[in-house]
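A.B. asks: Below is a structure I'd like to ask you about.
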């Protein structure tokens, strides 16, 4: 084995370790906030470079495996980057860059930044990246706890009353989810004797129908990840807590946290428990449809931008799990495409709501308005993201829904087609509601003139606007270049069903 | 032996969930403590409890001895440490809720 082969194998640890080192480095410069901002941006760019080279390499040579501590595969912990992990890392790094740029001016208030906001955000990315790239289910649990711990502190940073009460709900429900997860892992180890994804996949492939004990493990994991992903009926913590922290934190949470739960669901239920007859897929189907419907109805009823967006996350999660429930490679690819699209669009909407809030001083729909007259460019960006989320061609959401619906029709599953289409009408409605109230209608008379209209150039070249523009162009780009991206997600999803390459790479 | 520990796990789970459903914030935290220990015990008992040697194999001593599985012990240690960290955070949060905001009952938390 040549030196270059060794170094390529170690590539998967790059993104998580880079994020970890960024967080530690930020701790060393406790009082230099400006420096911390640059450090975070630097860390995000390094993360991007690693992830991008991972995607390129994995796309060519197949899964890369880093054996931590040099232990052979089923015994030691491995970091495995297959195409899906690598792509998710890439998306994570893009979101991180965007939010790091957003932080430069007006993103988060200084007294929060003083208390290690930058380190915590980096540590959270560390947990997220680790969860995406790990090849061991117990290590997945550890990564979950890392990102949860960072997110707990991020959530209470600033000590507002709403933040604290929201954090309690968030904490309790997530610990219950961890309890389910740990229990499942313990029983799984007792039954199968391994915790490595590749080894689990190999050993469980011999079952046609899962024995009851393993079926129980599958259901426990469904509950555990379902809570983290925000699935019906265990999503109520999400609208209660996501809108409370400051915008960059909400945006990070909205973009990444539920997606880690979704990724784990996909990994576990395609890789480890793909078995029919375990009734898990029937459960996932019902849960997805109900999640989509309940989430969007909740969103329609809210009267503040961030609340609408937070509840709406729930509805979008349902689409992704619907793709998982249909259980074909095409449906899973559609789900994956949907997930990536949603990470961009939803994060961008949160960031835009932050800009709206900094312009008008509030995000309550009733007390705001008139953005369209003063800030045309921001309005266009909002429209791109919002219509993208609703699924208007040629934006990313259209293709995401198109692929998903095509996959459902191929399965003769017309109920989920109806649900997906019906829910997207309400999605459009909730986005139009934000548009009408915040952008289109005249501002109420008592609106304090928080910011006077600025010149076009000064309006656009602020850090906030640059980051929002970047993400909106990605939403647009995912629509325009839907073909190549779809090919990639199809390849990634085929690799989830045809686990041969992964298993061989890990257990080699 | 296993049966007893399984019963203990069951009792802990019942106790934990009962405490979680109380309205007092500090009882909720106690419930979390009990639940996390129930989870740890599941890992402990899951691979089976046997009288066996420590899993340190030197030379020829492999023959004839039953060796304990070291992995669950590593897992449970990790889980205990994580549980302790999370609990420390939870206690801090409850301290803030009670001392700073004067919230002791979850009903006082309603928003809107």
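The values are calculated or read from the model by the stated rules, or taken from the named source; none is laboratory data. If you're wondering where the values come from, they're calculated on a predicted model, not measured in any experiment. Virtual Cβ from ideal backbone geometry, glycine too; neighbours counted across all protein chains shown.
A.B. asks: Could you list, in sequence order, all residues of the range B:88-112 that are surrounded by 14 or more Cβ atoms within 10 Å (Cβ to Cβ) and at the interface with another protein chain (Cβ under 9 Å from one of its Cβ atoms)?
C.D. replies: Passing the criteria: B:89, B:90, B:93, B:94, B:96, B:97, B:101, B:103, B:106, B:109.
A.B. asks: Further question on the same structure: Can residue A:215 be described as under 19 Å from the mean Cα position of the chain (by Cα), assigned to a helix (DSSP H, G or I) and farther than 27 Å from residue A:83 by Cβ?
C.D. replies: no
A.B. asks: Suppose we keep only residues that are in contact (Cβ under 8 Å) with a residue 12 or more places away in the chain and facing chain A (nearest Cβ under 7 Å) within the range B:72-87. Which one would you say is surrounded by the most Cβ atoms within 10 Å (Cβ to Cβ)?
C.D. replies: Checked the range B:72-87; the qualifying residue surrounded by the most Cβ atoms within 10 Å (Cβ to Cβ) is B:79.
A.B. asks: Continuing with the same structure: Of all residues in the range B:50-67, which are at pLDDT 75 or above and closer than 25 Å to residue A:77 by Cβ?
C.D. replies: Answer for the range B:50-67, where residues must be at pLDDT 75 or above and closer than 25 Å to residue A:77 by Cβ: there is none.
Residues checked against (1) surrounded by fewer than 17 Cβ atoms within 10 Å (Cβ to Cβ); (2) farther than 12 Å from residue A:289 by Cβ; (3) modelled with pLDDT of 85 or more; (4) touching a strand residue (DSSP E or B) at 6+ places or on another chain (Cβ under 6 Å):
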| site | (1), (2), (3), (4) |
| --- | --- |
| A:406 | yes, yes, yes, no |
| A:409 | yes, yes, yes, no |
| A:413 | no, no, no, no |
| A:417 | no, no, yes, no |
| A:423 | no, no, yes, no |
| A:427 | no, yes, yes, no |
| A:432 | yes, yes, yes, no |
| A:435 | no, yes, yes, no |
| A:439 | no, yes, no, no |
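A.B. asks: Now a separate question. Looking only at the range A:223-237, which residues are in a helix (DSSP H, G or I) and in contact with a helix residue (DSSP H, G or I) (Cβ under 6 Å, 6 or more places away or on another chain)?
C.D. replies: Matches in the range A:223-237: A:223, A:224, A:225, A:227, A:228, A:229, A:237.
Residues are listed down the side, and each one gets a yes or a no for (1) closer than 21 Å to residue B:45 by Cβ; (2) touching a strand residue (DSSP E or B) at 6+ places or on another chain (Cβ under 9 Å); (3) modelled with pLDDT of 85 or more:
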site: A:133; (1), (2), (3): no, yes, yes
site: A:138; (1), (2), (3): yes, no, yes
site: A:153; (1), (2), (3): no, no, yes
site: A:157; (1), (2), (3): no, no, no
site: A:164; (1), (2), (3): no, no, no
site: A:171; (1), (2), (3): no, no, yes
site: A:193; (1), (2), (3): yes, no, no
site: A:224; (1), (2), (3): yes, no, yes
site: A:230; (1), (2), (3): no, no, yes
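Okay, residues lined up against (1) more than 20 Å from residue B:85 (Cα to Cα); (2) buried (at least 24 other Cβ atoms within 10 Å of the Cβ); (3) more than 7 Å from every other protein chain (Cβ to nearest Cβ):
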{"site": "A:136", "(1), (2), (3)": "yes, yes, yes"}
{"site": "A:139", "(1), (2), (3)": "no, no, yes"}
{"site": "A:146", "(1), (2), (3)": "no, no, yes"}
{"site": "A:151", "(1), (2), (3)": "no, yes, yes"}
{"site": "A:158", "(1), (2), (3)": "yes, no, yes"}
{"site": "A:169", "(1), (2), (3)": "no, no, yes"}
{"site": "A:181", "(1), (2), (3)": "no, yes, yes"}
{"site": "A:188", "(1), (2), (3)": "yes, yes, yes"}
{"site": "A:191", "(1), (2), (3)": "yes, no, yes"}
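A.B. asks: Out of (1) within 10 Å of another protein chain (Cβ to nearest Cβ); (2) at pLDDT below 85, what's the single condition that is false for residue B:42?
C.D. replies: (2)
Matching residues to (1) surrounded by 24 or more Cβ atoms within 10 Å (Cβ to Cβ); (2) modelled with pLDDT of 85 or more; (3) not in a loop (DSSP other than H, G, I, E, B):
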site	(1), (2), (3)
A:321	yes, yes, yes
A:334	yes, yes, yes
A:342	yes, yes, yes
A:345	yes, yes, yes
A:352	yes, yes, yes
A:358	no, no, yes
A:373	no, no, yes
A:403	no, yes, yes
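A.B. asks: Could you check residue A:202 against (1) touching a helix residue (DSSP H, G or I) at 6+ places or on another chain (Cβ under 6 Å); (2) within 11 Å of chain B (Cβ to nearest Cβ); (3) surrounded by fewer than 21 Cβ atoms within 10 Å (Cβ to Cβ) and say which number it fails?
C.D. replies: Of (1) touching a helix residue (DSSP H, G or I) at 6+ places or on another chain (Cβ under 6 Å); (2) within 11 Å of chain B (Cβ to nearest Cβ); (3) surrounded by fewer than 21 Cβ atoms within 10 Å (Cβ to Cβ), only one is false for residue A:202: (2).
A.B. asks: Take residue A:174 and decide whether it is at positive phi and either assigned to a helix (DSSP H, G or I) or within 26 Å of the chain's Cα centre (by Cα) (or both).
C.D. replies: When the stated conditions are applied, residue A:174 does not pass them.
A.B. asks: Let me ask something else. Take the conditions crowded, with 24+ Cβ neighbours inside 10 Å and either more than 9 Å from chain B (Cβ to nearest Cβ) or at pLDDT 90 or above (or both) and apply them to residue A:104. Does it pass?
C.D. replies: no
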